[in-house]
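K.L.:
Structure in structure tokens, see below.
Please treat every number below as a calculation from the coordinates, not as lab data. Given the structure is predicted, the values throughout are model-derived calculations rather than measurements. Methodologically, a virtual Cβ is constructed for each residue, glycine included, from the backbone with ideal geometry; neighbour enumeration extends over all protein chains shown.
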Amino acid sequence: MGTIRRGARALRDQQQWERGPNGLSLLPWLLMGLGALSHLLGGQAPNPWIGGFGLLAFNTLYIAIVFRACHPPSRETPLTWGLLTALGVLTFALAVGYGREWLLLFPLLGLAVGAVVRHGPLLRWVSPPLVVAVGVVTFWRDGWDSIGVVYGTFMSVMVTAAILALDESVRQLRATREELATAAVEKERLRFSRDLHDLLGHTLSVIVVKSEVVRRLAPRDLDAALAQVADIEAVGRQALTEIREAVTGYREGSLATELDRARDALSSAGIEPVVRRSGPLLEPQTEALLSWVVRESTTNAVRHSGATRCVFALEGTADRVRLTVTDDGRGPAGRAPGADGIAGSGLRGLRERVAAAGGTLDSGPAPRGGFRVTAELPVETPGPHECEGVPTT
């Protein structure tokens, strides 16, 4: 039960913090007006009924202003400024008429002004004239003994404005941080959905193709069929590993490994794979993006193309690298809906990834028939220490 109470208390405190300060936090300062009330009750003030009505009106205006000042939609309305002006006029009238203890109403006026006028430019225009006017009245009524009232009024304005403005800024920063966190979550969900689509789409295509091969081989060549079954098991295990890596967000594809898998998948589907690779060594991030292009192109070729040959051409310069995947299949007109990359989620997602990395991805009919996917990315050549242990081709 104690844990539940502490949790409920923490939740209430958090909700209170999120709502921000309210007028109640500024009400205890009304005790500074007890001196004026004592002056009235002691029978020392002339026209006590006027003073009593003025003190009641002052308290009413002060309470209304501080509550409106702590409610953002109401803080800068004409009504709030009208109430603040009325409070200022009343405070100066009471101070001029009664002096002495009534001068302590000026710091309360400063609190109200600081709560309403809490931002730089307007505060610089309001606070100096107010402090000067307070100084003139207090010196006239009470001489140099009232220097504390002038200083207290100045500090009331500035400290109240600074604290409330800082609280408002912190609240805005927190709201911005929550929006950024929400955007980051959405971005991660999009990344995961893309990875899952590409991983499962390719893997399931390979499994289906190899299963068909097993079905054809099993009646006449059991050993070859068992070899294909072993390949299916290996593909499944690899897919599980890649899905775990995709979930944790640390998956970086190896282009050489992905090309080997593409060769195997295409060969199993009766498509001749051709790989031509030249150019500089690539950064892992660039290889990872190109690996996704190889994976998606292979999946589409196996599923939809009806091709007999698929060519992967990787060419690089000092500035950019280009990967072109071309098959001699039916082309977009003969593919299943969404397989051409125009409406399909696979190539569309790849296009967004490549664009985010500063590159381009195009897909469409090849000039000599079939289908072609072309990806271009900027090159960041790794340093010598990054090339150690990397096999050359």
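K.L.:
What nm value, rounded to one decimal, do you get for the distance between Asp362 and Thr317 when each label is placed 7 Å out toward the C-beta?
P.N.:
Using points 7 Å along Cα→Cβ, the separation is 1.5 nm.
K.L.:
Same structure again: Once label points are set 7 Å from the Cα along Cα→Cβ at both Arg309 and Thr60, what is their separation, rounded to one decimal in nm?
P.N.:
9.6 nm
K.L.:
On full extension of the chain, what length is gained from Leu27 through Leu190, given 0.36 nm per residue of separation minus the C-alpha to C-alpha distance?
P.N.:
Working: separation 163, 0.36 × 163 = 58.68 nm, distance 5.02 nm.
Between Leu27 and Leu190, full extension yields 53.7 nm more.
K.L.:
FRET efficiency for Val208 and Arg330, Cβ-Cβ distance as r, R0 = 30 Å, nearest 0.05? List each step's numbers first, then the result.
P.N.:
Working: r = 19 Å, r/R0 = 0.63.
In this case the efficiency is close to 0.95.
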